[in-house]
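Every number in this text was worked out from the coordinates using simple rules, so none of it is lab data. Computed from a predicted structure; not experimentally measured. Don't worry about glycine lacking a Cβ; one is built from the backbone with ideal geometry, like all the others, and counts go over all protein chains shown.
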Amino acid sequence: MKFGVVRFPGSNCDQDAYYVLRDVLNVPVEYIWHADTDVRSYDCIVLPGGFSYGDYLRTGAIARFAPVMDSIRAHAERGKFLIGICNGFQVLCEAHLLPGALVRNVGLKFICRQVHLRVENAGTPWTTDARTERPLRIPIAHGEGCYVADADTLAELHAGGRIVFRYCDAEGHPTSDSNPNGSVENIAGIANASFNVLGMMPHPERASERLLGSDDGRGIFASVIKRIARS
């Protein structure tokens with residue numbers, strides 16, 4: 001088993017993800033440079049948060065064309081695991097590995113705070129170890145985290161159980177007040193049809209130790225680690 005964490009120019013959560021995988025969850029992990037072209041040795045790849053290529057044009061728009069992305073597409077097509085967190089989610093949408101888009105937050109302000117997430121599908125490779133008896137408490141830090149999609153895309157997400165996380169209040173209700181960025185239907189994370197690709201705006205790597213105020217994000221990584229170990 002081996003994880004890889006991609007480093008784009010402008011990534012700023014790559015070290016956080018690397019630390020959690022290596023030092024908290026004790027799994028082998030390496031950095032993947034944005035110019036690398038061979039990722040065949042990895043079982044799961046993390047596209048971390050940050051500001052890839054300075055977020056010029058729009059978030060994720062330039063990272064989509066990074067040399068590493070062709071091999072990452074092939075990695076996903078082979079059924080291997082791929083998670084995009086925050087800016088990584090934006091990259092996945094720009095690369096059409098996930099549907100929809102992330103646009104400016106309602107209110108046009110950068111938001112950095114803890115939010116609550118309801119696990120909508122506990123049977124995915126990413127959520128089998130995530131706590132479902134109460135909402136997860138995981139931080140966000142983004143200016144363009146408002147998820148949007150057309151009606152047909154939303155219908156496909158619903159039909160396939162591919163909406164994995166929703167923003168909610170502390171009791172688990174997805175209210176308008178608990179939606180920090182205006183995302184359609186309070187959507188905070190989605191998967192592809194095969195569930196080997198996950199995109200989410202909140203940062204589970206920043207909620208993997210109680211010292212940081214919550215370890216609710218650890219279950220997302222632990223889930224996919226167990227899935228890989230069984231394969």
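How big is the range 45-181 on each of its three principal axes, counting only the C-alpha atoms and giving the largest first in Å?
Principal-axis extents of the Cα atoms in the range 45-181, largest first: 44, 35, 28 Å.
Let's test the formula: R0 of 45 Å, r as the Cβ-Cβ distance of E171 and D36. What FRET efficiency results, to the nearest 0.05?
Rounded to the nearest 0.05, the efficiency is 0.50.
Counting other C-beta atoms within 10 Å, which of I138, I225 has the fewest, and how do the rest follow?
I225, I138
Please state, to two decimals, what the Cα-based radius of gyration of the range 173-231 comes to when divided by 2.2 N^0.38 Å (N = residues).
Ratio of Rg to 2.2 N^0.38 Å for the range 173-231: 1.33.
Name the long-range amide H neighbours of V115: under 5 Å, sequence gap of 5 or more, or other chain; modelled H, no Pro or chain starts.
It is I138, I140, by chain and number.
What does the helix-only formula give at 222 nm for the chain: each DSSP H stretch with n ≥ 4 adding -39500 (n - 2.57), the total divided by the residues, and the result rounded to the nearest 500 deg cm²/dmol?
It lands at -5500 deg cm²/dmol.
For the chain, what does the relative contact order come out to in percent, with C-alpha contacts under 8 Å and a separation of six or more?
Computed value for the chain: 20 percent relative contact order.
Just grab the label-to-label distance for Q15 and A61, each label 7 Å out from Cα along the Cβ direction, in nm (one decimal).
According to this spin-label approximation, the distance is 3.0 nm.
Take A159 and R73, extend 7 Å from each Cα along the Cα→Cβ direction, and tell me the distance between the two endpoints in nm.
Between A159 and R73, the simple spin-label model gives 2.5 nm.
Given the chain, what percent of its DSSP beta bridges are antiparallel, to the nearest 5?
Around 60 percent antiparallel, to the nearest 5.
Under a crude label model (7 Å from the Cα following the beta-carbon direction), how far is D152 from A229 in nanometres?
Between D152 and A229, the label points sit 4.3 nm apart.
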